[in-house]
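Take a look at the structure set out below.
The values are calculated or read from the model by the stated rules, or taken from the named source; none is laboratory data. Bear in mind the structure is a predicted one, so any value in this text is a computation, not a measurement. Reconstructed Cβ throughout: ideal geometry from the backbone, glycine too, with neighbour counts over all protein chains shown. Surface accessibility is based on the protein's heavy atoms, side chains included, excluding ligands, DNA and RNA. Shrake-Rupley method; radii C 1.70, N 1.55, O 1.52, S 1.80 Å.
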Amino acid sequence: MKRLEKVYEGKAKILYATEDPDLMIQFFKDDASAFDGVKKGTIVDKGVINNQVSNRVYQYLEEKGIKTHLVEPVNDRETIVKKLDIIPVEVVLRNVAAGSLCKRLGVEEGREFDPPILEFFYKNDDLHDPLINDCHAVTFGWATQEELDTLRELGRKVNTLMMEFFKERKIRLVDFKLEFGRHKGEILLGDEISPDGCRLWHWDTGEKMDKDRFRFSMGSVEEKYREVYSLVCSDPG
Ligand code: TMP
Ligand code: ASP
């Protein structure tokens with residue numbers, strides 16, 4: 001499938017049109033940003049790693065009955081995906097306290113949640129992706145109540161499946177962010193699932209293997225992304 005004009009460029013990915021109006025090509029860049037674009041940099045080969053990690057996770061989720069935008073990879077950095085009308089509500093699932101939740105609620109990092117915590121954020125960099133509830137999303141027309149109910153149900157299902165997937169690969173799934181979109185009357189999982197949008201701690205050592213290493217200049221960023229790649233993309237024995 002041929003790549004046509006650029007339709008959208010985000011901080012970490014570019015979307016290109018194809019000859020098929022229902023399909024796009026998603027290109028993964030090495031560009032990294034944090035704190036809503038305030039911190040910028042490059043993580044060498046991040047695009048290659050995130051594309052392949054994300055495809056592996058989506059393939060697994062599809063096998064378990066979750067509908068995603070994944071069609072097929074083009075090469076190491078590019079994947080054909082279904083064109084989505086993205087719902088501007090980010091769905092965050094938290095199994096362990098970390099990140100903004102600790103700051104917002106004064107909770108100590110590392111505390112486990114059972115059941116997991118689900119949060120909605122409004123996808124808007126200028127407003128710094130604020131925490132929202134159903135009333136905001138419905139009143140301002142970002143999603144219908146029925147869609148929010150679906151996002152919640154899918155978010156929890158994906159979390160249960162992903163926790164199992166990562167545990168088998170020696171990774172503790174701390175938290176992550178999902179984006180969904182509309183496609184021909186259905187809601188599909190879109191965007192990506194990679195160390196950019198998940199917190200992943202090594203099951204044995206507790207070492208952080210995700211974008212927090214870049215956010216907080218912890219070093220060994222590329223090395224830890226590569227470790228996630230090998231744990232996720234070589235199947236567990
Ligand atoms: P947070 O603790 O900063 O709210 O992030 C929760 C999870 O969501 C974490 O795994 C990182 C991910 N995330 C994104 O992928 N994009 C974002 O813009 C933000 C704020 C978080
Ligand atoms: N994804 C956001 C950014 O690129 C926030 C973050 O990941 O920290 O700025």
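Table for the structure above
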read-out: Residue list for segment 104-119, restricted to those being more than 8 Å from ligand 1 (Cβ to nearest atom) and either within 20 Å of F35 (Cβ to Cβ) or outside any strand (DSSP E or B) (or both); value: R104, L105, G106, V107, E108, E109, G110, R111
read-out: Checking E62 against (1) within 16 Å of ligand 1 (Cβ to nearest atom); (2) more than 14 Å from the chain's Cα centre (by Cα), the condition it does not meet; value: (1)
read-out: Residues (over 16 Å from the mean Cα position of the chain (by Cα), among the charged types (D, E, K, R) and either within 15 Å of ligand 2 (Cβ to nearest atom) or part of a strand (DSSP E or B) (or both)) located in segment 1-13; value: K6, E9
read-out: Yes/no for I171 being among the aliphatic types (A, V, I, L, M) and open to solvent by less than 10 Å² (accessible area, probe 1.4 Å); value: yes
read-out: Candidate set: segment 77-91, residues that are part of a strand (DSSP E or B) and out of contact with any Ser or Thr (no Cβ under 9 Å at 6 or more places or on another chain); chosen: the one nearest to N55 (Cα to Cα); value: E78
read-out: Some residue of segment 67-89 being of a type outside the set (S, T, Y), open to solvent by 30 Å² or more (accessible area, probe 1.4 Å), closer than 26 Å to E227 by Cα and within 16 Å of ligand 1 (Cβ to nearest atom); value: no
read-out: Selection within segment 92-108 - over 19 Å from V158 (Cβ atoms) and either of a type in the set (G, A, S) or more than 16 Å from ligand 2 (Cβ to nearest atom) (or both); value: A97, S100, L105, G106, V107, E108
read-out: Residue that is more than 30 Å from E19 (Cβ to Cβ), within 19 Å of the chain's Cα centre (by Cα) and surrounded by fewer than 12 Cβ atoms within 10 Å (Cβ to Cβ), where the choices are D114, D125, D129; value: D125
read-out: Residue count, segment 14-38 (criterion: within 16 Å of ligand 2 (Cβ to nearest atom), open to solvent by 30 Å² or more (accessible area, probe 1.4 Å), in contact (Cβ under 8 Å) with a residue 24 or more places away in the chain and not aromatic (F, W, Y)); value: 1
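For every residue, the table says whether it meets (1) surrounded by fewer than 17 Cβ atoms within 10 Å (Cβ to Cβ); (2) within 14 Å of ligand 2 (Cβ to nearest atom); (3) part of a helix (DSSP H, G or I).
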| residue | (1), (2), (3) |
| --- | --- |
| R152 | yes, no, yes |
| K157 | yes, no, yes |
| F165 | no, no, yes |
| F176 | no, yes, no |
| L188 | no, no, no |
| W201 | no, no, no |
| G206 | yes, no, no |
